[in-house]
Amino acid sequence: MNPITVTNQTILITGAAGFIGAATAKAIMTKYPNCHVVGIDNFNHYYTVKLKQLRLTELRQFTNFTMIKGDISNKHLLDRVFSKYHPMIVINLAAQAGVGYSISHPDNYIHDNILGFYRILEACRHYQPAHLVYASSSSVYGDRNTVPYCTDDKVDHPVSLYAATKASNELLADCYAHLYKIHATGLRFFTVYGPMGRPDMAYFKFTKQILAGKSIELYNQGKNRRDFTYIDDIVEAISRIMLLPADGHRLLNIGKGHPETTIDLVTNLQSALKQSGLLPADYDITAHQTMLPPQPADVNTTYADTSDLFALINYQPQVKLRDGLQRFADWYRDNHHLFKEKPTKKTQHTQIC
Ligand SMILES: NC(=O)c1ccc[n+]([C@@H]2O[C@H](COP(=O)([O-])OP(=O)(O)OC[C@H]3O[C@@H](n4cnc5c(N)ncnc54)[C@H](O)[C@@H]3O)[C@@H](O)[C@H]2O)c1
């Protein structure tokens, strides 16, 4: 397949006010100033909308950006957007994210991830963009002992509804690619972190709790291992992959390729918070942590085989955990007013992926 040229073309990004969506939009507009990015987001309340507005404020600095507030499950909205802009590339990042939340809020996952994604596929069927790139997740691999995870591995045993919706997206995309000649690439992201990240994720919640003088809880005794992948590495990979349409449907892992434990995460986070001046030099995290058993639906180790990714785009995630966390801590120092903890409300969902 020939690479896509995006000059004077429109790229549609769903979930554009989200963590990965906003960073992707920004990176693409910086790299390709002659393209037009249209974002869609319903600004759901899964976490503070103030953070989504902050991301949007940054995106609005770009003159080649248009934001549409709306829901991807709305067929008429998608029809209007596709018929008006005829996007050359569609990047679907809108979804209800989070593993733990899918236990208490299953309806959101079916609505956003199944119905919403089906609507995107239907729009692609009718308007035939050159490439559909969509977010899947490392969670489709379920709990398994063999690492690293390869896209050839069987993924027929998801251990959360979230994972089941992502695995379903892959099947639906495969079917649409086969039946309607859509060129689609599914990206299995591995634990993405960084500035403007999702407040439900472990590194973010730990930061808030540590700075509020609270003790943090480490599930599975802090031994869960994740392939922490810095946001800039994710968006660099997306901005390269989007130009290379799949011949049908393909799946790629985007992960660091090097798993680290929750204890590694916390140790590096402590150093970053000290370095950014948010914690005193003599703070000792080991005196403020509680070890707990594993959570239901949690997966012990996730770790990506990125050889296919490297072969395709000649790029591999590079940012080290300590450096990425330092950039997060510096950003948090300047924006923590957005995330003041309400003293009486206990937040319940900590996501490690
Ligand atoms: N962040 C990670 O570590 C990670 C890991 C694996 C997969 N993913 C996937 O990557 C994608 C982006 O994740 P994120 O971390 O940026 O999450 P996010 O919650 O920050 O972003 C998702 C955005 O989509 C919007 N949205 C949700 N449902 C919508 C709908 N029906 N219509 C329009 N907008 C809708 C939300 O308002 C939100 O702004 C998601 O598909 C997620 O499942 C993320």
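The values are calculated or read from the model by the stated rules, or taken from the named source; none is laboratory data. Every value quoted in this text rests on a predicted model; they were computed, and no experiment measured them. Backbone-built Cβ (ideal geometry, glycine too); neighbour counts: all protein chains shown.
The single condition from (1) more than 7 Å from the ligand (Cβ to nearest atom); (2) more than 16 Å from the chain's Cα centre (by Cα); (3) crowded, with 17+ Cβ neighbours inside 10 Å that residue 8 fails is (3).
Near the ligand (Cβ under 10 Å from one of its atoms) and closer than 24 Å to residue 235 by Cα, is that true of residue 115? The answer is no for residue 115. With respect to the conditions (1) within 12 Å of the ligand (Cβ to nearest atom); (2) within 23 Å of residue 81 (Cα to Cα); (3) not charged (D, E, K, R), residue 141 falls short on a single one, namely (2). For segment 87-114, taking the residues that are of a type in the set (Val, Ile, Thr) and more than 30 Å from residue 7 (Cα to Cα), the one that is surrounded by the most Cβ atoms within 10 Å (Cβ to Cβ) is identified as 99. Filter segment 189-211 down to residues that are part of a loop (DSSP other than H, G, I, E, B) and small (Gly, Ala, Ser) and give me whichever is nearest to residue 325 (Cα to Cα). Once the filter is applied, the top-ranked residue is 194.
Sub-6 Å Cβ pairs linking a first residue in segment 34-62 that is over 22 Å from residue 123 (Cα atoms) and touching a residue at least 12 places away in the same chain (Cβ under 8 Å) to a second residue that is among the β-branched types (Val, Ile, Thr) and more than 7 Å from the ligand (Cβ to nearest atom), at least 6 apart or interchain, are 34/7, ordered by first then second residue.
In segment 167-206, of all residues being within 16 Å of the ligand (Cβ to nearest atom) and β-branched (Val, Ile, Thr), the one that is nearest to the chain's Cα centre (by Cα) corresponds to 192. Counting only strands (runs of 3 or more DSSP E) wholly contained in segment 19-102, the ones carrying 2 or more residues that are away from the ligand (no atom under 13 Å from the Cβ) and more than 26 Å from residue 161 (Cα to Cα) occupy 36-41, 65-69. Take the conditions more than 24 Å from residue 322 (Cα to Cα), in contact with a Ser or Thr (Cβ under 6 Å, 6 or more places away or on another chain) and away from the ligand (no atom under 14 Å from the Cβ) and apply them to residue 246. Does it pass? Yes. For segment 277-305, a tally of residues being modelled with pLDDT of 95 or more, among the hydroxyl-bearing types (Ser, Thr, Tyr) and touching a Phe, Trp or Tyr at 6+ places or on another chain (Cβ under 9 Å) returns 0.
Scoring residue 84 on the criteria (1) surrounded by fewer than 16 Cβ atoms within 10 Å (Cβ to Cβ); (2) in contact (Cβ under 8 Å) with a residue 40 or more places away in the chain leaves a single failure, condition (2). The set of residues from segment 242-274 being among the hydroxyl-bearing types (Ser, Thr, Tyr) and buried (at least 20 other Cβ atoms within 10 Å of the Cβ) comprises just one member, 262.
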